[in-house]
Amino acid sequence: QVRVVESGGGLVQPGESLRLSCEASGSGFSITDMGWHRQAPGKQRATVARIPPWGGTNYADSLKGRFAISRDDAKNTVDLQMSNLNVEDTAVYYCWMNAQTRAGGPLLTNWGQGIQVTVST
């Protein structure tokens, strides 16, 4: 089983930056795509960014230019650098990783429990 844990959330002021990190732990797993979603108060969970194992990134259109996703396969981590934050970015941010725990086994999506990011004066 793969455990995914986010870190780095908190309270920031509008215009500031924040970096979220996410790490997978377990044994014998192989990760493919990684990404972040977020869920703002009263809204459905929505895609933030995705990064496949071969490079290249995908972002929600509204976040392009402000958010940057990166991964470190040696550490099984994925980071989300967020800049010029505004109050609309306030949400619980969820990390996810697609992983296979055994050769020939299913590719499952593993979610973190979420971390709060609040942008407020």
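Sorted by mean Cβ packing within 10 Å, highest first, what order do the peptides 105-113, 32-40 take?
The densest-packed peptide leads the list: 32-40, 105-113.
Specify the inter-centroid distance of the stretch 60-121 and the stretch 10-53, based on alpha-carbon positions, in whole Å.
Value for the Cα centre distance between the two parts: 1 Å.
Anyone know which of 78, 87, 48 comes out most mobile in the 10 Å Cα GNM of the chain?
Per the Cα network of the chain with a 10 Å cutoff, 87 tops the list.
In a shell of Cβ-Cβ distance under 13 Å around residue 110, excluding residue 110 itself, what net charge do Lys and Arg (+1) and Asp and Glu (-1) give?
Numbers: positive: 3; negative: 6, 23, 33.
Its environment carries a net charge of -2.
Report, to the nearest whole %, how much of the accessible area of the chain belongs to carbon and sulfur atoms, 1.4 Å probe, protein only. All intermediate terms of the calculation are to be shown ahead of the outcome.
Numbers: 3060 of 6580 Å².
Whole-percent figure for carbon plus sulfur exposure: 46.
On a full-extension model of 0.36 nm per residue, what is the gain between residue 39 and residue 101, subtracting their alpha-carbon distance, rounded to one decimal in nm?
Working: separation 62, 0.36 × 62 = 22.32 nm, distance 2.77 nm.
Taking residue 39 through residue 101 to full extension adds about 19.6 nm, to one decimal.
Ranked from the most accessible area to the least, with a 1.4 Å probe and all protein chains present, what is the order of 54, 96? Write down the numbers at each step before the final one.
Working: 54 200, 96 10 Å².
These residues rank, largest area first, as 54, 96.
Give the accessible surface of the chain per residue, rounded to a whole number of Å², with probe radius 1.4 Å and ligands, DNA and RNA excluded.
Working: 6580 Å² over 121 residues.
Per-residue value: 54 Å².
The values are calculated or read from the model by the stated rules, or taken from the named source; none is laboratory data. Quick caveat: nothing in here was measured; it's all calculated off a predicted structure. Neighbour counts run over all protein chains shown; Cβ positions are idealised from the backbone, glycine included. Keep in mind that these areas ignore ligands, DNA and RNA; they rest on the heavy atoms of the full protein, side chains included. Shrake-Rupley method; radii C 1.70, N 1.55, O 1.52, S 1.80 Å.
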